[in-house]
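Reading through the structure tokens given below for one structure.
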Amino acid sequence: MSGIWNIPIPRNEPVLTYAPGSPERAALKAALGTVGSRQADIPAVIAGREVRTGATHDVVSPHCHGRVLAKTNQADRQTIEAAVNTAVKAQKEWGRWRFEDRAAVFLRAAELLATTHRQLLNAATMLGQSKTAFQAEIDSACELIDFLRFNVHYAERIYREQPDSSPGVWNRMDHRPLEGFVYAITPFNFTAIGGNLPTAPALMGNAVVWKPAASAMLSNWYFYKLLEEAGLPAGVINFLPGNAVEVSETLLADPRLAGIHFTGSTAVFQSLWKTVAANLERYAGYPRIVGETGGKDFILAHASADVDALAVGIVRGAYEYQGQKCSAASRTYIPDTLWPAVRDRVVGMIEDIRMGDVADFRNFMGAVIDRPAFTRLRDHLEAAKRDPGVTVLAGGGTDDSIGFFVQPTLLQVDNPGYRLMCEEIFGPVLTAYVYPEGRWKETLTLVDQTSPYALTGAVFARDRRAITEADQALRHAAGNYYINDKPTGAVVGQQPFGGARASGTNDKAGSILNLLRWVSPRSIKETLNPPKDYRYPYMQAE
Ligand code: NAD
């Protein structure tokens, strides 16, 4: 077959409503029944072969921790080594495939996810990660479908990027995959990120070892099976559940490590980078390191802000998915003149929020992901309650009798440097600092300088001068910046996502910038009629 083929233009996948009576609601409820009633037996998959080591780890529902959804076989040393060898071998053929054939695998995966597999993935995300129907739909369905389709479109743009030629010369760019393997390490909080981190490098012709997060294993496993069904050749992405430290020890010591695609906490990313630095002389090349990490995301209100819009931005931005989005608002700055009205509206909405089993669609919140998260949040809340400088305005309670539940919490602090204004704690806890209205400019500096992170942030104001001042003062305080909107909910193709400072390398997942990290361009110059005489014209006699 010959031809220069155009890639279908991607459009964002529409978000289904799940309103009562809708067909998607019935289909999702049926899928929740099926996924919840069986126990998956999750293996590692190396070269297309399922490996069950027998050393298993339970996957439980966060909102009902007595319910075991799956058993995951933890990879042993031999399986980990086999994963690397397989990836390096498989890459040699995969990297030579036509781009269109690679693209077709991921376009088909997107199509399966948008249709036949949509509710399976949503149900697994709801049960395994405690997302509501809506939070699952925007993650495991829409965002992941968008990643798959938009990445193909961006890859096409990269391949079309070609140099100029001159008379007698034809110049080309070969956007090669990296030599070796890419190690994808994914977080629990977005099924879409779990799917994107291994598939983005694979689309560009790389082969991958994918280590999913233990607490997102169920949805990640079903996505891996979907990739197989979409025609992904064996060995191109190797699925490797296991102990993170053991897996990393082997993979980071391998001379063929070509890249790391990571999303997760800042501490883990820094430890990976340090290990790479210590091993630098072993590697065949310089591994690409892409990491999107933590945040301490802010909502800043100016005295001209619309109070109702601000209060809704705060509640949705801070508490959806239990505050476990890297973009979730966790600190807010409100002028004293607006505070009583904002506080009362926010507290009123918090009191209205229902929390519980996500299969009950009336709930706005589920449970936090696991016991370590629950304990960490409970300890922070207990310390806050004991601190005379902190007032608990709403929530503050925890209950782990059935699931890992933490109430949506609003705290007010006297000290803008209090630790809950600076550290990422990753839960449904928003800390507010009330500033004197006249100290707007000082507050801009405070927002910029308080935390080491720079992931997302929002400003609410109607006064255009205030919007402009905030825009300039906070230019480096957030990689995703919102004006009169909540700081969460970035859409692929519309608000490419990622932050700088301690929040990561800001390579913007689901954009052309990210895919550029997974190619190593080769410049090719072809001279069409090479010179036959070594002498240049200037050398001729007058
Ligand atoms: P995490 O750092 O605990 O885990 C992330 C991944 O790293 C998991 O697969 C885990 O098993 C693995 N891991 C843990 N310890 C490791 C080690 N020593 N060596 C190698 N791998 C290791 O993060 P998480 O709890 O899954 O996710 C929450 C974090 O992710 C938050 O900090 C959040 O802000 C961040 N996050 C950031 C973004 C972003 O785009 N910036 C998006 C989502 C999540």
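The values are calculated or read from the model by the stated rules, or taken from the named source; none is laboratory data. Not measured: the values here are computed from a predicted model. Backbone-built Cβ (ideal geometry, glycine too); neighbour counts: all protein chains shown. Ligands, DNA and RNA are stripped out before the accessible areas are found, and what is left, the full protein with its side chains, is counted by its heavy atoms. Shrake-Rupley method; radii C 1.70, N 1.55, O 1.52, S 1.80 Å.
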Here, trypsin sites (Lys or Arg not before Pro) of the stretch 511-540 satisfying both criteria (DSSP loop; at most 16 other Cβ within 10 Å) are Lys532, Arg535
Among Met1, Phe404, Val45, the residue whose Cα sits farthest towards the positive end of the charge dipole of the chain (+1 at Cβ of Lys and Arg, -1 at Cβ of Asp and Glu, taken about the Cα centre) is Met1
Given C-alpha coordinates of the stretch 249-399, what is the ratio Rg to Rh with the Kirkwood estimate of Rh? 1.10
Round to the nearest 10 and give me the degree value, 0 to 90, for the angle of helix 118-129's Cα axis relative to the longest principal axis of the chain. 60 degrees
Expected 222 nm ellipticity per residue - DSSP helices of 4 or more, -39500 (n - 2.57), all of the chain, to 500: -11500 deg cm²/dmol
Dipole of the chain, positive end: most advanced residue of Ala230, Phe99, Val346 [Cβ charges, Cα centre]: Phe99
Using the heavy atoms of the protein chains and a 1.4 angstrom probe, tell me the accessible area per residue for the chain in square angstrom. 42 Å²
Assigned charges on the beta-carbon of Lys, Arg, Asp, Glu; the stretch 297-483 dipole about Cα centre (debye): 220 debye
Using Cα pairs closer than 8 Å and at least 6 residues apart in sequence, work out the relative contact order for the stretch 297-483, in percent. 29 percent
For helix 440-449, report the angle its Cα long axis makes with the longest principal axis of the Cα atoms of the chain; keep it between 0 and 90° and round to the nearest 10°. 50 degrees
The distance between the Cα centres of the stretch 131-157 and the stretch 41-89, in whole Å, is 25 Å
About its Cα centre, how strong a charge dipole does the stretch 401-542 have in debye, to the nearest 20, once Lys and Arg get +1 and Asp and Glu get -1 at the Cβ? 360 debye
Extension gain, Ser37 back to Thr17 (0.36 nm per residue minus Cα-Cα distance, nm): 4.7 nm
Given 10 °C, 1.306 mPa s and a Kirkwood radius over Cα pairs, the Stokes-Einstein diffusion coefficient of the chain in µm²/s is 64 µm²/s
Top positive-direction residue, dipole computed over the stretch 297-483 with Cβ charges, set Tyr321, Asn415, Ala394: Asn415
Rounded percent of accessible protein surface that carbon and sulfur make up, the chain, 1.4 Å probe: 52 percent
Which value does Rg/Rh take for the stretch 65-156 over its C-alpha atoms, Rh per Kirkwood? 1.07
Rounded to whole angstroms and listed largest first, the alpha-carbon spread of the stretch 15-71 along its three principal axes comes to 44, 30, 18
For the stretch 104-256, what is Rg from Cα atoms divided by 2.2 N^0.38 Å, rounded to two decimals? 1.17
Normalised by the residues of the chain, what does the relative contact order come to in percent, with Cα pairs under 8 Å and at least six apart? 17 percent
Suppose every K and R has +1 on its Cβ and every D and E has -1 on its Cβ; what is the size of the dipole of the chain about the Cα centre, in Debye to the nearest 20? 840 debye
Determine, from the Cβ-Cβ distance of Asp352 and Lys29 and an R0 of 30 Å, the FRET efficiency 1/(1 + (r/R0)^6), rounded to the nearest 0.05. 0.80
Angle check, please: helix 191-203 long axis (alpha carbons) against the longest principal axis of the chain (alpha carbons), in degrees 0 to 90, nearest 10. 10 degrees
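Calculate how many DSSP beta bridges within the chain are antiparallel, expressed in % of all such bridges and rounded to the nearest 5.
In the chain, DSSP labels about 40 percent of beta bridges as antiparallel.
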